[in-house]
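Written out below as structure tokens is the structure these notes cover.
The values are calculated or read from the model by the stated rules, or taken from the named source; none is laboratory data. The structure displayed is predicted, hence computed values, not measured ones. Here the Cβ is made from the backbone with ideal geometry for all residues, glycine too, and neighbour counts use every protein chain on show. For accessibility, only protein heavy atoms count, side chains too; no ligands or nucleic acids. Shrake-Rupley method; radii C 1.70, N 1.55, O 1.52, S 1.80 Å.
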Amino acid sequence: MTTKELTYDELDVRIKDIYELMGYGDSLPDTAVTTEVDAMLSEIRQWLRPRMAFFVTRDFEGFEVGKIISHQLKKAEAYCFFVCTAGQEYQDFMERASGHDSTMPEGVGEDMFRAYLAHSIGSALVERCADKMEEVLQAQIDKLGWHRTNRFSPGYCGWHVMEQQKLFPLFRGETCGVSLTDSSLMMPIKSVSGVIGLGKDVRYLPYTCGLCNYADCYKRKKR
């Protein structure tokens, strides 16, 4: 098992990714928005501690990942299971950023723009954490002359989200503080988990959005 805690600076967050997640595409938001983004990033950088955990195994029995992922993994010699998270600290920050007060009626006292901004930044943070996890993984498999596939997560590309219930026990509790609800939602929310195929004959490919009918996939939105 490989585990690692990162700092904000180690993530090397890309501002353009945040703007894309906010729906701006290749356009630059107005000054009011960019100022708010910069202020929130400055606010979180001192205490943010994203975390990753992953391990490599040759066993992939018992998972039903669907045709798309099965095709991508068919030449794999081993598999990397991973969990990455922006952390409970960020979950708490998101709740503070929304101004939500559980003693007040729904919608009262909430700052919807800050909540949306915190949500978008959180998505960018956990994606960068997963990117950094892949860098650490690649350094390990380089010694074997192996390559890696894309990373695939339950809930996407035909892999049912309830398969999280099979994946998490494999970590034997070392999930960076991430837990599952009964409906397989990860908590903290800004977390990702999944599998990467490894081996000499696997390839990293563009995400095959043309083969998938999941319109809300974050990978589709970025393209």
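Here Met104, Met94 are screened, and the one residue that is out of contact with any Pro (no Cβ under 7 Å at 6 or more places or on another chain), at pLDDT below 95, in a loop (DSSP other than H, G, I, E, B) and on the phi < 0 side of the Ramachandran plot is Met104.
Would you mind stating whether Asp12 is on the phi > 0 side of the Ramachandran plot and surrounded by fewer than 18 Cβ atoms within 10 Å (Cβ to Cβ)? Answer is yes for this residue. What pairs come out if I take residues in region 1-24 that are part of a helix (DSSP H, G or I) and pair them with residues that are buried (at least 18 other Cβ atoms within 10 Å of the Cβ) and acidic (Asp, Glu) whose C-beta lies under 8 Å away, six or more apart or interchain? Filtered contacts from region 1-24: Asp17/Glu127. Within region 168-182, being within 18 Å of the chain's Cα centre (by Cα), farther than 14 Å from Gly194 by Cβ and outside any loop (DSSP other than H, G, I, E, B) holds for one residue alone: Ser179. For region 25-34, filtering for residues that are open to solvent by less than 80 Å² (accessible area, probe 1.4 Å) and in a helix (DSSP H, G or I) leaves 3. Selection of region 45-91 for residues being over 18 Å from Leu170 (Cα atoms) and open to solvent by 60 Å² or more (accessible area, probe 1.4 Å) yields Arg45, Gln46, Trp47, Arg49, Lys67, His71, Lys74, Lys75, Glu77, Gln88, Glu89.
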